[in-house]
Amino acid sequence: MHPDLVPLTAPEGIDRVEAELGTPPALGAPTPSGPGELLVVTGMSGAGKTGAAKALQDRGWYVVDNLPPRLIAPLAGMMSGGGGIQHLAVVVDVRARQYFETLVAALEALKAAGQAHRVVFLDASDAALVKRFESSRRPHPLQGDGTILAGIERERDVLEAMRLRADAVLDTSTLSARDFPEALDQTIGIGGLSALTVSFMSFGFKHGLPLDANHVVDVRFLTNPFWIDELRHMTGVDRPVRDFVLGLPDAAAFIDRYVEVLRLALVGYVREHKLHLTVAIGCTGGRHRSVAIAEALAEALRPDAITRVHHRDLARA
């Protein structure tokens, strides 16, 4: 399981999280206002909350699943004070049992404290929910000794107040697993190229091809700074080498045209829900040309997507 997708079971999970976050304040007590984005995902069991958690995690959100409502406020504090979390999503539903009844009060406490948040409610028709529970061979959490449909009806009564106050409602009745992430993106206003991460990795061909690259680019057609005495001991992150490589006649044209190719490809990757791409840029040793070009490509593509740079062979002699 990915470390950013944290499952909790109530009430056992409460003790563990309280040990890490401290005892939560009473509902309605002031909590620090965080600068990040907080998303509360709730809704009918079987409507796709687990899929939403996975989709959000793939898009870089820190996701906590099955969170008791009284822990939302202290968890939101992780977005302030240098915690490093800018996008936090919590999934809350009737699995929390009696704790779910405090969700409205917990959200009011967030509002009073100035913590911006949005509530997304996932719903589906009774027929779709019954079909999903029957195919999974799992009971509805409120079914008890009754039927699946009886459990669904009880849950609708419990969730009616949350559905009315939700900022967005997504009906998943007719959505396939393939279509769901795009529908979620549109509902909560994320997605597109801004949800995609492109990692540019420089490497040296003489040290072997990267195993996890989606694209491999050979920049050995550019003049090698290694053969220039004053540049040999430097690398592509040093200004003299960078200026030399990027000043070569074909370098600027290559960067411009390859960025256009990437932009075209990235639209397709997002459409196919592939949100992590690795582009490997190779030269002979992985210390000069590939490094400078990888840095330049990442900078050029940064307005369109999240970009990262890793120099695999930079430290090699």
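The values are calculated or read from the model by the stated rules, or taken from the named source; none is laboratory data. All of these numbers come straight from a predicted model, not from anything done at the bench. For neighbour counting, all protein chains shown are included, and Cβ atoms are generated from backbone atoms with ideal geometry for every residue, glycine included. The accessibility values were calculated without ligands, DNA or RNA, using every heavy atom of the protein model including side chains. Shrake-Rupley method; radii C 1.70, N 1.55, O 1.52, S 1.80 Å.
Share of carbon and sulfur in the accessible area of region 183-317 stands at 54%, probe radius 1.4 Å.
Each label was represented as a point 7 Å from its Cα along the Cα-to-Cβ direction; for E153 and A105 these points are 3.0 nm apart. Per-peptide packing, taken as the mean over residues of other Cβ atoms within 10 Å, places 284-291, 125-132, 87-94 in the sequence 284-291, 87-94, 125-132 from highest down.
Run through region 170-236 and list the trypsin sites (Lys or Arg not before Pro) located in a DSSP loop whose Cβ has at most 16 other Cβ atoms within 10 Å. Here the sparse-neighbourhood loop sites are R178, R220. When the chymotrypsin sites (Phe, Trp or Tyr not before Pro) in region 138-230 are filtered for DSSP coil states and for at most 15 other beta-carbon atoms within 10 Å of their beta-carbon, the remaining sites are F221.
Projecting the Cα positions of V94, F203, A113 onto the charge dipole of region 85-207 (unit charges on Cβ atoms of Lys, Arg, Asp and Glu, taken about the Cα centre) puts F203 furthest along the positive direction.
Straight-line reach from K54: taking Cα to Cα under 26 Å and skipping same-chain neighbours fewer than 8 places apart, the lysines in range are K131, K274. Give me the net charge for the shell around R165: Cβ to Cβ below 13 angstrom, other residues only, Lys and Arg +1, Asp and Glu -1. Net charge around R165: 0. Label-to-label distance, A177 versus S136, with points set 7 angstrom from Cα along the beta-carbon direction: 1.2 nm.
Tally Lys and Arg at +1 and Asp and Glu at -1 over the other residues with C-beta under 12 Å from the C-beta of M201: what net charge comes out? Overall, the nearby charge balance is -1.
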